[in-house]
Amino acid sequence: MSTHGKPEGDAVSGGEAAVSEDVTAVNEGVTAVSVGGAAVRANGAAVSGDGAAAAPRPWWHWRRLTRGRWRPALAAAVVGALLGGTGVAWQAEAGPFGRERACWGAFDEDDVADLFHGKRDIKSSEVGVSYDRIASDGPSGACELLSPRGHRVRARLHQLDVRFAGAGDKWADEFLSARMTPIGGGFLGMVSDTRAWLAVPEGCVGRNSDREGPLVFDMEAGWTTYDDVVDTGERARLARAVVTLVNDYMAGRGCDSPIPDPTARLAAPARFLDEKRDAICGVQGLRLPGRDRESRFERPLVTGGTAAPVRTCDRDVLFGHPRLRLMTVEDPRLALIYKGLSYDGGRRVTAAGDTGDQVRGRGFLRDDMGLFQASCQTGEVTFLVRAADGGRAADVRRLLPRYAALEADRLGCGPLRLRLPS
């Protein structure tokens, strides 16, 4: 059993792409066309390779609903649902011989089968890519692939919101966790066996200005059992899938430089760290407050690999939420999602030596979180210490200044000494 509890023989989730309303029947009642490897008569009856007729499809099967007397009613229902904001758009290539595709046309049947361990009886539903012109948000869309065995993969396109730390703490908990491995190759993204995300490169076209959050495709593939056993096969499948989504999006905008398959360059997954008293989370010189306080937290997981956009240390994770997280967001494009939070958090934190003309950064301190965003040679870097609740305010207060100072030295943008509020 993998870390996210998938039974053998099936990948994480699924969905067979459905037909858009412009699919037409050819020689209704007599002509057979090949879809997904099986011959299908226009009246909905399947025909085996030796000509024997299989059981007729039920009246509600999607192939029947997209033709004949059901087609006008189905079209009206789909349009009405979409206008109501709760609909799901079904999509396939137009024409009776078009191969079915899923998730905005990015996945063909083989791509979906790769996600589901060779299974091809997968259904898909999606909300097409659209823009919120009122809020000036970037493009967004959602897709779901569902297996008859109950396993599911969800994919999204969205712009990380710089106003609310990306998409709230939930997105960071899942997609910046220590189980994630950098995709590498100079691309902004990470992957595990249950989660993957990849930013659209700015040149083609990820964002329009350096004040916007990255435009990302992310995928989630079931429940994560938070341990240090990562199924590298599942991780490779998700890595290939999220790259396929980004490449298809860029190709639709005229880009001719696709991202290569990242699986060969993925680093080894993170493992539980046996740390020393004076090297909490592997940061030499960092200690938890008190004599025996290190025993309060289980062994940590620390982001593996080099050149990661974020270095995360998670301890005592329950239902995906760590009791204590220490995180350094090194990539300025990703650190941007915390910029707004640094202005409207708790009590203000400043850097020693700041003047009216020169400020090293800004941050805040509250009972459950301390954050400081500093200006380094490479751009903005965020240092964060967060507890699961306000009962560990002393730990947060003691850890933040020392952690930020040591990490700033590691990144070459020290010395950094923080001044905490009284």
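The values are calculated or read from the model by the stated rules, or taken from the named source; none is laboratory data. Fair warning: this is a prediction, and the values are worked out from it, not measured in the lab. Here Cβ is always computed from backbone atoms with ideal geometry, including for glycine, and neighbour counts include all displayed protein chains. Remember, those area values only see protein heavy atoms, side chains included, never the ligands or the DNA or RNA. Shrake-Rupley method; radii C 1.70, N 1.55, O 1.52, S 1.80 Å.
Summary table below
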quantity	calculated
From Ala241, Ala279, Ala268, residue being among the aliphatic types (A, V, I, L, M) and open to solvent by 60 Å² or more (accessible area, probe 1.4 Å)	Ala268
Single residue of Gly345, Gly353, Gly320 found to be modelled with pLDDT under 90, more than 24 Å from Ala279 (Cβ to Cβ) and in contact with a strand residue (DSSP E or B) (Cβ under 6 Å, 6 or more places away or on another chain)	Gly345
Residues (part of a loop (DSSP other than H, G, I, E, B), open to solvent by less than 60 Å² (accessible area, probe 1.4 Å) and among the charged types (D, E, K, R)) located in segment 313-359	Glu330, Asp331, Asp354
Filter pass, Ala394 being open to solvent by 50 Å² or more (accessible area, probe 1.4 Å), of a type outside the set (Lys, Arg), touching a residue at least 40 places away in the same chain (Cβ under 8 Å) and assigned by TED's automatic domain parsing to the domain that holds Pro309	yes
Residues located in segment 172-187, provided they are open to solvent by less than 10 Å² (accessible area, probe 1.4 Å), of a type in the set (A, V, I, L, M, F, W, C) and touching a Pro at 6+ places or on another chain (Cβ under 8 Å)	Ala178, Ile183
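For every residue, the table says whether it meets (1) part of a strand (DSSP E or B); (2) at pLDDT below 95; (3) among the charged types (D, E, K, R).
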position	(1), (2), (3)
Val127	yes, yes, no
Ser136	no, yes, no
Gly150	no, yes, no
Leu157	yes, no, no
Arg163	no, yes, yes
Lys170	no, yes, yes
